[in-house]
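Chemist: Shown below is the structure under consideration.
The values are calculated or read from the model by the stated rules, or taken from the named source; none is laboratory data. Every value quoted in this text rests on a predicted model; they were computed, and no experiment measured them. Cβ placement follows ideal geometry from the backbone for every residue including glycine, while neighbour counts extend to all protein chains displayed.
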Amino acid sequence: MSDQTVLQLSGIYKSFPGVKALQNVAFRLQKGEIHALMGENGAGKSTLIKVLTGVYSKDAGTISIEGKTVQIHSPQEAQNAGISTVYQEISLCPNLSVAENIYLGRGEGKFVSWRQMNKKAGELLDSLGIHVRPTQQLASCSIAVQQMVAIARAVDMDCRVLILDEPTSSLDESEVQKLFKLMTDLKKRGVGIIFVTHFLDQVYAVCDKITVLRDGKLVGEYKIEELPRVQLVSKMLGKELNDMEDIKDEVQTFDAKKAEPVYEAFGLASSEGIEPFDFVIRRGEVNGFTGLLGSGRSESVRAIFGADKATSREIRVEGKKVSIRKPIDAMQLGIAYLPEDRKRDGIIGDLSVRENIILALQVKTGFFRPFSRAKQVKFAEEYIQKLNIKTASVNTPIKSLSGGNQQKVILGRWLLTHPKYLILDEPTRGIDVGTKVEIQKLVLQLASEGMSVTFISSETDEMLRTCSRLLVMRDRKQVGELTGDQLTQSCIMNTIAGGGAK
Amino acid sequence: MISNQKQNPIAALFRHQIVIPIAALLLLTIFNVLRDTSFFEVTLKNNSAGNPVLAGNLISVLDNGSELAILAIGMTLVTAACGGQDISVGATAVIAGSVVMRILSGGEASADVVHAPIIIAFLVCCLAAMACGAFNGMMVSVFRIQPMVATLIMFTAGRSIAGWINENKSIAITDPNFAIAGTFIPGIPVPTPVFIALICFIITWAILKFTNLGLYVQAVGINEKTSRLNGLNPTLIKFGTFVLLGLCVAVVGFIKVSRNGTINYSVVAKDIEMDAILAVALGGNALSGGKFNMPASILGAYVIQYLTTTLYAMEVQATALPAYKAVVVIALVVLSAPKVRDSVSGLFRKMSPAKQSGGAA
């Protein structure tokens, strides 16, 4: 490749109270290159992106675009400089229409021709293969579609640098392929793409180069063919990693006949439109719901927890007939639920790590029995240590933690209630390899101690590693149950697709 | 690394919410010292009943500020849980006062002796105001109407309802026992509302200390969806804050009519809702809901009253008062905005660690 540097960052420093987020970081992006930015949670990827897009102001360092040094003080300035971003968490306006979101803040004149705008948006969406009406309200679209709209918006802005911050974490396989095709198209047009993801497969599928960050420092820039996966992972973690191989050996064979059922449902359905299904989970069992995005995985577990309005013929917990109408009913029966959308359903942003950890248990204990401050701190510190949560203190607002650490806080919140049955909906979404392995190990450990766990993940290999039984969903219906020898990638794919094992 | 983690104490101080009302208090005090120190004079004189009582501007601040502080307690909770304010507290206070007058006068136009036990009148007025609060709460929590719009109904209708309760008669009750709550307890020179407010503060402190009200209200105010998934009932909690505010309003309404001995439906507690909302804002609480700081709100209420009294002392005309107040309030609210506070604390941080980082490098 000739020297066609489109973006160059050098000597970037950024610190927050208590944390040096970036120290002397350099980064170089060339025209028509897809460049992966890799690192664990808290390595500084998101901070670097935010410095680049003007969300944060840097403490020191220079940014130059096509050789010219630029000062970026706001996202608007970044946009004008030709840097477009699609963030990890969707940052569009859910109450506006798809077309409005695409053209928001970009009008040249004072007047808007709605018809023209909708028409243009429709053409753009068609060309990208996104099936959504331009006039549809964004909030009514699935997360995947919202993400695609965010990408469409970025693509439509005539950008030289496109930053994709975890764009694929909520897309299913076919949508990911669409996105990759789009990325390759853009690459041919000479756009430089910075791709932040936790999926190693995807990095090796599309990227040309990898830059690795660790603890806010630059580890190095590598050509993709010169850096095998194992080395990439060890560079990210700063140690040799064989955890990924280890974990499989720890799966204990689960004997379904010996264990008594913890939770049983007959004819369970919910207002979200899943077909009535029967479901049982036994003590110490780890099972999973799998299927394509929108197949009803999340809706199934939400029905179990009472998060959506659910109906059933009968529900039994430990053999006793019970009724679960709202989340508190499920909590009192020892069921815990870690939701899919961390930002919307999981964290209480402005409250501290301590308050976020004690919340569920506190609600369970009751209005008139608050924990003393000392006890709260003790609980919080216990789980900060147990789950290795990186936070400045127990009183830090949870919103200032990195995604993976927020997830661990929510996990800690539910573990603190000592549930009999723990439901984890995409617990590893958008978090780094190291933490993923930690969470998987934790799930297996909890199960060996007698907890029942339902584990949902978009990554099939993760589910194969942890679950001893998989329920396959298609079109909001349970279409298969896989155990033992059937637990293979191909078997799952076949069942999802509609052939093969039943 | 260490110098980075240790914050400049002054900068850290500026992040504390309660600093804003304290700073406003100091500013007003300095202003008054420069203007006229006689503002601070407190004298002991005999009131009409022949009891020695304290008088002076500061006593007036404590006296009238107490009403505002009681309202600020409820307003803070409503603001935190619902992300909006109740603008009907003045109107509801008149309803509460009117109920008291109706019961104590027994339907007569004037009464030298109360016709019913005062405590009964107080309890019924609490129920009436809590019912108004429940109505507002239902509009907001069940029907999900914006708080300001929902309470606009009661704001508009409240004073008419209050008049209707007593057939628009201006009742006078001259029983000295009734006047105690709004004026003085015989033999004690400090105004009674101060003690009533103290009792309210203690009860509030105890509720926040011995229940989870604070946690629940903040959780619901910050993220309703998450709160529900953690077993809370956001509808009930929002509703509850309005009922609690109703209780605060009842206490204020009772003090108001006790103080005056009569009731004028269109004047009593006029504009008090704005002062109560300002108290919450001046306390540094986000009017969009979420986290709150109760002591800061309470202090904010007294500062607002301090401002009003200062303006009166400057002989600002009553009709011009709101305009003067607005100017001061703009300054206070802008100063307490998180953005300004951040930059002020940033300024202090820059000023002193300049030496520290110089040494480190």
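Chemist: I'm trying to understand the selection: among the residues of region B:153-200, which are hydrophobic (A, V, I, L, M, F, W, C), surrounded by fewer than 17 Cβ atoms within 10 Å (Cβ to Cβ) and over 18 Å from B:Val53 (Cβ atoms)?
Modeler: B:Ile153, B:Ala157, B:Trp164, B:Ala172, B:Ile199
Chemist: Scanning for something surrounded by fewer than 18 Cβ atoms within 10 Å (Cβ to Cβ) and out of contact with any Asp or Glu (no Cβ under 7 Å at 6 or more places or on another chain), does region B:96-106 turn up at least one residue?
Modeler: yes
Chemist: At least 1 residues that are within 14 Å of chain A (Cβ to nearest Cβ) and under 28 Å from B:Asn64 (Cβ atoms) in each: list the helices (runs of 4 or more DSSP H) lying fully within region B:153-230 that qualify.
Modeler: B:192-210, B:213-222
Chemist: Let me ask you something else. Considering only residues that are of a type in the set (Gly, Ala, Ser) and part of a strand (DSSP E or B), look in region A:10-38 and name the one that is nearest to A:Glu166 (Cα to Cα).
Modeler: Among them, the one singled out is A:Ala36.
Chemist: Here is a further query. Residues that are over 25 Å from A:Thr460 (Cβ atoms) and either of a type outside the set (A, V, I, L, M, F, W, C) or within 11 Å of chain B (Cβ to nearest Cβ) (or both): does region A:419-435 have at least one?
Modeler: yes
Chemist: Taking only region A:325-335 into account, find how many residues are closer than 26 Å to B:Ala81 by Cβ, more than 7 Å from chain B (Cβ to nearest Cβ) and crowded, with 24+ Cβ neighbours inside 10 Å.
Modeler: Here the count works out to 1.
Chemist: Right, here's the next one. Going by the structure shown, is A:Thr428 assigned by TED's automatic domain parsing to the domain that holds A:Glu264, within 26 Å of A:Tyr87 (Cα to Cα), of a type outside the set (Phe, Trp, Tyr) and surrounded by 18 or more Cβ atoms within 10 Å (Cβ to Cβ)?
Modeler: Yes, satisfied.
Chemist: Still on this model: Does B:Thr235 qualify as being crowded, with 18+ Cβ neighbours inside 10 Å and polar (S, T, N, Q)?
Modeler: Here the answer is no, as B:Thr235 does not meet what is asked.
Chemist: Which helices (runs of 4 or more DSSP H) sit wholly inside region A:302-413 and have at least 2 residues that are touching a residue at least 40 places away in the same chain (Cβ under 8 Å) and in contact with a helix residue (DSSP H, G or I) (Cβ under 7 Å, 6 or more places away or on another chain)?
Modeler: Hits in region A:302-413: A:353-365.
Chemist: Here is a follow-up. List the number of the failed condition for A:Val363; all other conditions in (1) modelled with pLDDT of 90 or more; (2) surrounded by 17 or more Cβ atoms within 10 Å (Cβ to Cβ); (3) farther than 27 Å from B:Gly221 by Cβ hold.
Modeler: Status for A:Val363: all satisfied but (3).
Chemist: Which residues, taken from region B:231-258, are in contact with a Phe, Trp or Tyr (Cβ under 7 Å, 6 or more places away or on another chain) and more than 9 Å from every other protein chain (Cβ to nearest Cβ)?
Modeler: Those that are in contact with a Phe, Trp or Tyr (Cβ under 7 Å, 6 or more places away or on another chain) and more than 9 Å from every other protein chain (Cβ to nearest Cβ): B:Ile237, B:Phe254, B:Ser258.
Chemist: Does region B:313-322 include one or more residues that are touching a residue at least 60 places away in the same chain (Cβ under 8 Å) and either of a type outside the set (A, V, I, L, M) or within 14 Å of chain A (Cβ to nearest Cβ) (or both)?
Modeler: The answer is no, given that none of the residues of region B:313-322 is touching a residue at least 60 places away in the same chain (Cβ under 8 Å) and either of a type outside the set (A, V, I, L, M) or within 14 Å of chain A (Cβ to nearest Cβ) (or both).
Chemist: Quickly run through region B:92-120 and pick out the residues that are under 21 Å from B:Ile196 (Cα atoms) and free of Cβ contacts under 8 Å to residues at least 24 places away in the same chain.
Modeler: B:Pro117, B:Ile119, B:Ile120
Chemist: Moving on to the next point. Select from region A:11-38 the residues that are among the hydroxyl-bearing types (Ser, Thr, Tyr) and modelled with pLDDT of 90 or more and list them in ascending order.
Modeler: Answer for region A:11-38, where residues must be among the hydroxyl-bearing types (Ser, Thr, Tyr) and modelled with pLDDT of 90 or more: just A:Tyr13.
Chemist: Let me ask another. Would you be able to say whether some residue in region A:361-384 is more than 14 Å from chain B (Cβ to nearest Cβ) and within 30 Å of A:Tyr87 (Cα to Cα)?
Modeler: Scanning region A:361-384 turns up at least one residue that is more than 14 Å from chain B (Cβ to nearest Cβ) and within 30 Å of A:Tyr87 (Cα to Cα).
Chemist: Pairs under 6 Å by beta carbon, first residue of a type in the set (A, V, I, L, M) in region B:17-33, partner outside any helix (DSSP H, G or I), six or more apart or different chains?
Modeler: Going by the 6 Å Cβ cut-off, the qualifying pairs are B:Ile20/B:Gly284.
Chemist: Would you point out the residue of region A:214-233, among those that are assigned to a strand (DSSP E or B) and in contact with a Phe, Trp or Tyr (Cβ under 9 Å, 6 or more places away or on another chain), that is farthest from A:Gly192 (Cα to Cα)?
Modeler: This residue is A:Leu218.
Chemist: How many residues does region A:348-360 hold that are within 7 Å of chain B (Cβ to nearest Cβ) and touching a Lys or Arg at 6+ places or on another chain (Cβ under 7 Å)?
Modeler: 4
Chemist: What strands (runs of 3 or more DSSP E), lying completely within region A:39-124, carry at least 3 residues that are closer than 24 Å to A:Val6 by Cβ and under 22 Å from the mean Cα position of the chain (by Cα)?
Modeler: A:83-86
Chemist: Which numbered condition in (1) more than 30 Å from A:Lys20 (Cβ to Cβ); (2) crowded, with 23+ Cβ neighbours inside 10 Å is the only one that A:Leu416 fails?
Modeler: If we test A:Leu416 against (1) more than 30 Å from A:Lys20 (Cβ to Cβ); (2) crowded, with 23+ Cβ neighbours inside 10 Å, just (2) comes out false.
Chemist: Tell me, please, whether a residue that is modelled with pLDDT of 95 or more and either away from every other protein chain (no Cβ under 14 Å) or in a helix (DSSP H, G or I) (or both) can be found in region B:278-294.
Modeler: Among the residues of region B:278-294, at least one is modelled with pLDDT of 95 or more and either away from every other protein chain (no Cβ under 14 Å) or in a helix (DSSP H, G or I) (or both), which makes the answer yes.
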